[in-house]
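S.K.: Take this structure first; my questions come after.
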Amino acid sequence: MSYGTGLTPPHQQQFPTALAQRHHGAGAAITPAPSATVTLPVTSPKGRSPWVWLWPVLGLLGLALVAYFVTFLGAAASIIGLVAALIPYAVVIATVVLIDRWEPEPKGLVFFALAWGGIASIAFTLLFDLALTIVLPARGDFFSSVIQAPLVEEGFKALGLLLVFWMGRRAFDGPVDGVVYGAMIGAGFAFTENIQYFAISTIEGGVEALGFTFFLRAILSPFAHAMFTACTGFALGLAARRGLGSGPAIALAAIGYIAAVLLHALWNGASFVVGGGLIGFLGYYFVLQVPIFALFVWGIVMLRREEARLTRARLGDYAAAGWFTPQEVDMLATPAGRRAGKTWAARLPGGRGRLMATFIRDAAALAAARQRAISGRDPQAAYDEQVLLARITATRHALLSA
């Protein structure tokens with residue numbers, strides 16, 4: 001059939017082929033799917049990190065210490081001392097990290113505490129000793145070991161603690177934090193001091209002298225300096241818990257400093273009390289020093305229990321407002337509950353142990369923020385509270401999702 005010249009059949013005008021369909025135009029817009037990763041708010045780093053300008057100062061002091069060791073002790077002896085000093089250093093650091101597991105401190109402040117103890121405290125102590133040698137060249141061993149060393153060394157270590165207290169005022173929450181920062185400064189100091197002692201022993205008496213010095217300093221007393229400076233840290237931690245200002249905090253820290261000096265002098269005075277014999281020293285060590293160390297360990301255990309009690313109390317405030325269930329508070333406020341929670345989360349589809357660890361960490365930080373708000377010493381505690389509540393809510397949702 002013909003449709004006339006120049007005309008196209010109607011079905012070919014609408015459908016070019018037998019299977020073609022009419023084009024209906026663009027469809028309705030579809031909203032893009034939300035991102036699988038939600039960006040959670042973070043707390044402000046202000047008041048939780050060291051002042052930036054201090055790092056170059058520590059770097060220059062560190063280079064000066066390296067030059068001092070290489071010049072006066074030699075590279076070989078210094079390396080031997082360094083390797084030997086790493087062993088007690090690792091033991092002390094691992095122990096302090098265990099103490100700090102309940103509510104971990106900011107890594108920047110922890111590294112600063114280690115660096116201050118291992119670099120600045122040692123450098124300033126050496127400079128002070130040099131100046132005092134010029135002024136009082138005829139000092140006796142008793143004065144140098146039992147009076148000068150405790151006063152000067154604990155003084156420079158306490159200065160580092162005060163810096164952490166001022167710089168990290170929003171992370172310095174209580175006695176446990178003070179003990180952790182003090183022990184880290186003491187650990188850093190002992191590490192560098194051990195390098196010197198081990199190197200000198202190697203130079204003067206070879207392997208035998210090094211072994212004896214290692215036994216005294218790395219086996220019998222690896223925690224000595226950490227324990228001394230922890231006394232000052234404990235006092236500053238009390239000041240933080242009570243919301244004290246700088247003046248009263250320094251006064252309270254002075255009491256802790258006196259305790260640190262007395263313990264240090266008691267340790268350094270052993271050789272003057274019992275003489276130079278090993279048997280007499282061991283008797284002094286087991287009769288006096290071991291009980292002191294046991295008392296220190298007991299004090300740490302009690303402080304950890306108090307930290308758990310405070311966490312329960314503060315999270316209980318939020319539970320009363322509906323943010324947590326009583327069962328969650330029980331889990332978050334006890335070591336056994338935390339372990340059980342991590343075990344349960346690890347068995348969930350995909351393994352959610354890390355999510356539970358984040359949930360526990362943020363809950364502990366929330367309890368600390370609540371305590372700072374109660375003490376009135378942190379104007380930004382309310383902001384931290386809102387951030388942490390948002391993070392906790394998101395983490396809980398991720399934990400319980402199908």
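Values in this text are rule-based calculations from the coordinates and carry no lab data. Here the structure is a predicted model, which means the values were calculated and not measured. Glycine also receives a Cβ, built like all others from the backbone with ideal geometry; neighbour counts cover every protein chain displayed.
S.K.: Would segment 38-106 count as rounded, prolate or oblate if I go by the C-alpha gyration tensor, calling it rounded below 1.5 in a/c and otherwise prolate when a/b exceeds b/c, oblate otherwise?
M.R.: oblate
S.K.: Follow-up question, since we're still on this one. From the backbone phi of segment 156-170, what are the Karplus-calculated ³J(HN,Hα) couplings (6.51 cos²θ - 1.76 cosθ + 1.60, θ = phi - 60°) in whole Hz, Gly and Pro given as x?
M.R.: 6, 5, 5, 4, x, 5, 5, 4, 4, 4, 6, 6, x, 4, 8
S.K.: Here's a follow-up. Could you compute the FRET efficiency for residue 297 and residue 111, with r as their C-beta to C-beta distance and R0 at 22 Å, rounded to 0.05?
M.R.: 0.30
S.K.: Which shape class, rounded, prolate or oblate, goes with the chain when its Cα gyration tensor gives a ≥ b ≥ c as root eigenvalues, a/c under 1.5 marks rounded, and past that a/b bigger than b/c marks prolate? Numbers along the way, then the final one.
M.R.: Details: a/c = 2.93, a/b = 2.20, b/c = 1.33.
Verdict is prolate for the chain.
S.K.: Between residue 75 and residue 255, what length in nm is gained on full extension when 0.36 nm per residue of separation is reduced by their alpha carbon distance?
M.R.: Numbers: separation 180, 0.36 × 180 = 64.80 nm, distance 4.06 nm.
Contour length minus Cα-Cα distance gives 60.7 nm.
S.K.: Starting from the Cα-Cα distance between residue 397 and residue 49, subtract it from 0.36 nm times their residue separation and give me the gain in nm to one decimal. Show your work: numbers first, answer last.
M.R.: Values: separation 348, 0.36 × 348 = 125.28 nm, distance 3.05 nm.
The span from residue 397 to residue 49 would gain 122.2 nm if fully extended.
S.K.: Measure nothing but the geometry: give the 0 to 90° angle between the long axis through the Cα atoms of 224-241 and the longest principal axis through the Cα atoms of the chain, rounded to 10°.
M.R.: 60 degrees
S.K.: Now for a different question. If you line up the long axis of helix 75-99 against the longest principal axis of the chain, both from Cα atoms, how many degrees apart are they, to the nearest 10?
M.R.: Around 60 degrees separate the two axes.
S.K.: Here's another thing I want to ask about it. Using packing as a proxy for protection, rank 47-60, 327-340, 225-238, 295-308 so that the peptide with the highest average count of other Cβ atoms within 10 Å comes first. Can you show the working numbers first?
M.R.: Values: 47-60: 13.4, 327-340: 16.9, 225-238: 28.6, 295-308: 15.1.
In decreasing order of mean packing, 47-60, 327-340, 225-238, 295-308 become 225-238, 327-340, 295-308, 47-60.
S.K.: Also: At 222 nm, what helix-only mean residue ellipticity would the chain give, in deg cm²/dmol to the nearest 500, using -39500 (n - 2.57) for each DSSP H run of four or more? Don't skip to the end; give the middle numbers.
M.R.: Details: 16 runs with 279 residues, N = 402.
Helices in the chain give a 222 nm mean residue ellipticity of -23500 deg cm²/dmol.
S.K.: Also, I was wondering about something else. If I fit a long axis through the Cα atoms of helix 353-375 and take the longest principal axis of the Cα atoms of the chain, what angle between them do I get, 0 to 90°, rounded to 10?
M.R.: On a 0 to 90 degree scale, this one is about 70.
S.K.: While we're looking at this one, here's another question. Once a ≥ b ≥ c are taken as the square roots of the eigenvalues of the Cα gyration tensor of segment 54-268, is the result rounded (a/c under 1.5), prolate (a/b larger than b/c) or oblate (a/b not larger than b/c)?
M.R.: Values: a/c = 1.75, a/b = 1.49, b/c = 1.17.
Since a/c reaches 1.5 and a/b is larger than b/c, the shape of segment 54-268 is classed as prolate.
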